[in-house]
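Here the structure comes first, spelled out in structure tokens, and everything after it is commentary.
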Amino acid sequence: MLALASDHAGFEYKERIKTLLNGLNVPYQDFGTGSRDSTDYADWGHRASEAVSSGRCDRAILVCGTGIGMSIVANKHRGIRAAVCESVTAARLSRLHNNANVLAIGERITGWEAAVDIITTFLSTSFEGGRHEKRIEKIHSLTNL
Ligand code: RB5
């Protein structure tokens with residue numbers, strides 16, 4: 001199960017992402033926001049991140065104006081490795097090397113066609129493992145997150 005969340009600045013993409021996921025047969029849960037009305041990204045990002053941190057969802061896609069606020073919020077949660085990605089290469093490497101479980105996208109930064117490629121790459125790329133295993137482990141063991 002994929003968690004989705006956005007603020008007002010990412011709302012349009014969140015709605016488009018739902019259509020994209022429906023076409024890919026990827027199940028998701030929408031944690032809000034529910035409109036273009038001005039709101040605070042932390043309120044929605046924390047909800048979706050908590051769902052991943054607790055294991056209720058496997059991964060999340062979070063959208064705000066830049067992706068930065070959402071990625072900061074997500075990385076406050078235990079077990080989360082959130083990557084804000086503005087390119088397909090970043091999305092691919094976030095999975096291969098960092099085993100990122102949260103993708104953050106900026107609706108004001110990334111065009112929709114690029115966002116689709118970033119999202120599909122994030123969803124279809126597996127963690128490489130190997131030398132990256134202990135690096136991932138240290139992200140969490142050297143903090144309480
Ligand atoms: C909202 O104006 C904007 O600050 C927010 O969507 C996000 O870009 C913050 O990181």
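The values are calculated or read from the model by the stated rules, or taken from the named source; none is laboratory data. As the structure is a prediction and not an experimental result, all values here were calculated from the model. All Cβ positions, even for glycine, are placed from backbone atoms using ideal geometry, and neighbour counts span all protein chains on display.
Tabulated results
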item	result
Hey, V116 within 16 Å of V52 (Cβ to Cβ) and touching a residue at least 24 places away in the same chain (Cβ under 8 Å) or not	no
Residue within region 53-72 that is over 14 Å from the mean Cα position of the chain (by Cα) and within 15 Å of the ligand (Cβ to nearest atom) present	no
Candidates H77, H97, filtered to the one that is away from the ligand (no atom under 16 Å from the Cβ), in contact (Cβ under 8 Å) with a residue 60 or more places away in the chain and of a type outside the set (F, W, Y)	H77
Looking only at region 56-80, and only at residues there that are of a type outside the set (G, A, S) and in a helix (DSSP H, G or I), the one that is surrounded by the most Cβ atoms within 10 Å (Cβ to Cβ)	M70
Index of the failed condition, A60 passing every other in (1) over 15 Å from A5 (Cβ atoms); (2) modelled with pLDDT of 95 or more; (3) not basic (K, R)	(1)
In region 39-50, residue farthest from the ligand (Cβ to nearest atom) [restricted to those that are surrounded by fewer than 22 Cβ atoms within 10 Å (Cβ to Cβ) and within 17 Å of M1 (Cβ to Cβ)]	E50
N144 at pLDDT below 95 and either in contact with a helix residue (DSSP H, G or I) (Cβ under 8 Å, 6 or more places away or on another chain) or surrounded by fewer than 15 Cβ atoms within 10 Å (Cβ to Cβ) (or both)	yes
Test: residue in region 81-92 that is closer than 24 Å to D37 by Cα and at pLDDT 95 or above	yes
Residue that is nearest to the ligand (Cβ to nearest atom) [pool: residues in region 1-38 that are of a type in the set (V, I, T) and either crowded, with 18+ Cβ neighbours inside 10 Å or in a helix (DSSP H, G or I) (or both)]	T33
Any hit, region 108-125, residues being in contact with a His (Cβ under 7 Å, 6 or more places away or on another chain) and either surrounded by 15 or more Cβ atoms within 10 Å (Cβ to Cβ) or outside any helix (DSSP H, G or I) (or both)	no
